1. Quick check on the range 5-12. Is at least one of its residues among the aliphatic types (A, V, I, L, M) and at pLDDT below 90?
2. Is it the case, given these coordinates, that Ala9 is more than 11 Å from the chain's Cα centre (by Cα) and in a helix (DSSP H, G or I)?
3. Identify all residues within the range 58-84 that are in a loop (DSSP other than H, G, I, E, B) and at pLDDT 90 or above; write none if there are none.
4. Check the range 13-26 and report whether any residue there is in contact (Cβ under 8 Å) with a residue 12 or more places away in the chain, of a type outside the set (A, V, I, L, M), within 17 Å of Phe62 (Cα to Cα) and surrounded by 12 or more Cβ atoms within 10 Å (Cβ to Cβ).
5. When the range 8-60 is examined, which residues are found to be among the charged types (D, E, K, R), out of contact with any helix residue (DSSP H, G or I) (no Cβ under 9 Å at 6 or more places or on another chain) and within 23 Å of Glu76 (Cα to Cα)?
6. Of the residues that sit in the range 29-84 and are β-branched (Val, Ile, Thr) and open to solvent by 50 Å² or more (accessible area, probe 1.4 Å), which one is nearest to the chain's Cα centre (by Cα)?
Amino acid sequence: MHSELHRLAAIQDEATLTDLLLLRLDGAEIAPAATRLEAILCGGMGYAQAAPANRRMREAAFLPVQSPSQSQLRWELDRLGVVA
């Protein structure tokens, strides 16, 4: 995802809506998975209110609220004829 973001940034004028929607969908899937893994690796300390892992879990949980949901992104991609 990191390399795809940099690739698209380098070709801003050529990036398609499909490219951007796929990147956002990847982010929507990776963020919660990464924060769950971090919480597991940190153990109980990851759930402490002041722990960085806890803050990241809250931020990952908020992503669908302030940005398109995964189902909305998939709907848009389906509308464009892309299987995600």
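1. no
2. yes
3. Result: Leu80, Gly81, Val82.
4. Yes, there is a match, as at least one residue in the range 13-26 is in contact (Cβ under 8 Å) with a residue 12 or more places away in the chain, of a type outside the set (A, V, I, L, M), within 17 Å of Phe62 (Cα to Cα) and surrounded by 12 or more Cβ atoms within 10 Å (Cβ to Cβ).
5. Correct list: Asp13 only.
6. In this case the residue turns out to be Ile30.
The values are calculated or read from the model by the stated rules, or taken from the named source; none is laboratory data. This structure is a prediction, so every number in the text was calculated from the model and none was measured. Because the Cβ atoms are built from the backbone with ideal geometry, glycine has one as well, and the counts that use them run over all protein chains shown. In case anyone asks, the SASA skips ligands and DNA or RNA and just uses the protein heavy atoms, side chains included. Shrake-Rupley method; radii C 1.70, N 1.55, O 1.52, S 1.80 Å.
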